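Chemist: One structure coming up, written as structure tokens, with questions to follow.
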Amino acid sequence: MNVTRREFTGSMINSVLAYGLLDMLWTQNLFAESVKPIIDRWFNDLYAIGEDLHGQKLKDTEFQAKMEGLFRKVDLTELMKCVDLSGIKERVDIPANGAFSASFDLSHVEGLPKELNFGRQIFCLKKDRAIVPHGHSNMCTGFIVLEGAFHGRHYDKLETADDHYVIKPTIDNQFAAGGVSTISDHKDNVHWFRCTSETGYIFNAHFDGYASDITIPTGRLYLDPEGEKLASGLIKAPKMTSKDCHAKYG
């Protein structure tokens, strides 16, 4: 097909104009959301709901539901790449007891501030080793199984005494890759995960210190879920030290 000089010149002008428009849109960040990696948007969404939690715009159980929904939508492959799971597996010597907590960097995630409103880690476990039974105070936290399989159990912490807690079983499931689990102060507050595969890896994000009316420190509250059985399926779970809990369940 023969193209006249006028047609060729007109086509070039249109191309230049189109390029200029695209460049303007890019400069003004109007395409940013559509081209930003999905996992970057996911972490930014996680940060955003954390701001709502800390800003008292969400109750802890409302935040917990939003976090669980977000966790269930994650692209697992992209999450594993983002946290460099392959690198963690190469450098971590998984302990014979309990879980190893591996850190990871998120400074490469576009849009996240340097100071994050959540803590994060990857739990690394061998077969039959556990994230031992424990609860939290003034903390919402969530798990995503990255690799491996786990037997996960949750309990509601109903009462606190000097030497024990009264708990109620709420979840008793098998968790494969992509499995999600969350806790808050008022729902499924105690959790216990035992690795049932040769190795297992769990992504964890936790948000603490959001409630000014809770004065108990945010550290782990260790307990024995195999305590005395009470009426209505409740359990009198003795308080434990970290050492004793890991000796029995780690």
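Chemist: Can you give me the distance in nm between label points at residue 161 and residue 48, each placed 7 Å from the Cα along the Cα-to-Cβ direction?
Modeler: Between residue 161 and residue 48, the label points sit 4.7 nm apart.
Chemist: Can you divide the C-alpha Rg of segment 149-250 by 2.2 N^0.38 Å and report the result to two decimal places? Write out the running numbers ahead of the final one.
Modeler: Working: Rg = 14.3 Å, N = 102, 2.2 N^0.38 = 12.8 Å.
For segment 149-250, the normalised Cα radius of gyration comes out at 1.12.
Chemist: Could I ask something else about it? Please list the equivalent ellipsoid semi-axes of segment 35-113, computed as the square roots of five times the alpha-carbon gyration tensor eigenvalues, in descending order and whole angstrom. Mind showing how you got there, number by number?
Modeler: On the way: eigenvalues 133, 62, 27 Å².
Semi-axes, largest first: 26, 18, 12 Å.
Chemist: Rounded, prolate or oblate: pick one for segment 112-190, where a ≥ b ≥ c are the square roots of the eigenvalues of its C-alpha gyration tensor, a/c under 1.5 means rounded, and failing that, prolate if a/b is larger than b/c, else oblate. Don't skip to the answer; put the middle values down first.
Modeler: Numbers: a/c = 1.99, a/b = 1.18, b/c = 1.68.
Since a/c reaches 1.5 but b/c is at least a/b, the shape of segment 112-190 is classed as oblate.
Chemist: Let me ask something else about it. What's the magnitude of the charge dipole for the chain around its Cα centre, counting Lys and Arg as +1 and Asp and Glu as -1 at the beta-carbon? Answer in Debye, nearest 20.
Modeler: On the way: 28 positive and 34 negative charges, 84 e Å.
Computed about the Cα centre, the dipole is about 400 debye.
Chemist: Something else about it: Across all directions of projection, what mean area in square nanometres is found for the Cα convex hull of the chain? Let's see the in-between values first.
Modeler: Working: hull surface 77.9 nm².
Seen from a random direction, the Cα hull of the chain projects 19.5 nm² on average.
Chemist: Then there's this: Could you order peptides 88-97, 234-243 by the average number of other Cβ atoms within 10 Å of their residues, highest first?
Modeler: Details: 88-97: 12.3, 234-243: 16.7.
The packing order, highest mean first, is 234-243, 88-97.
Chemist: For the cross-link pairs 66/248; 187/239; 73/114; 81/126, which exceed 28 Å when the distance is taken from alpha carbon to alpha carbon?
Modeler: On the way: 66/248 34 Å; 187/239 19 Å; 73/114 25 Å; 81/126 21 Å.
As for pairs spanning more than 28 Å Cα to Cα, those are 66/248.
Chemist: Also, I was wondering about something else. Compute the relative contact order of segment 93-136 as a whole-number percentage, counting only Cα pairs closer than 8 Å that sit 6 or more residues apart in sequence. Mind showing how you got there, number by number?
Modeler: Numbers: 41 pairs, mean separation 24.7, N = 44.
Averaging sequence separation for qualifying contacts and normalising by length gives 56 percent for segment 93-136.
Chemist: I need the phi-derived Karplus couplings for segment 157-167: 6.51 cos²θ - 1.76 cosθ + 1.60, θ = phi - 60°, integer Hz, Gly and Pro marked x.
Modeler: Each residue's phi maps through the Karplus curve to give 8, 9, 9, 10, 10, 4, 10, 7, 10, 9, 10 Hz.
Chemist: Something else about it: Pick out, from 138, 217, 193, the residue whose Cα sits farthest towards the positive end of the charge dipole of the chain, with +1 on the Cβ of Lys and Arg and -1 on the Cβ of Asp and Glu.
Modeler: The residue sitting farthest along the positive end of the dipole is 193.
Every read-out reported here was derived from the displayed coordinates using simple, explicitly stated rules and does not represent laboratory data. Note that the coordinates shown come from a computational prediction; the quantities given were computed from them, not determined experimentally. All Cβ positions, glycine included, derive from the backbone under ideal geometry; neighbour counts span all protein chains shown.
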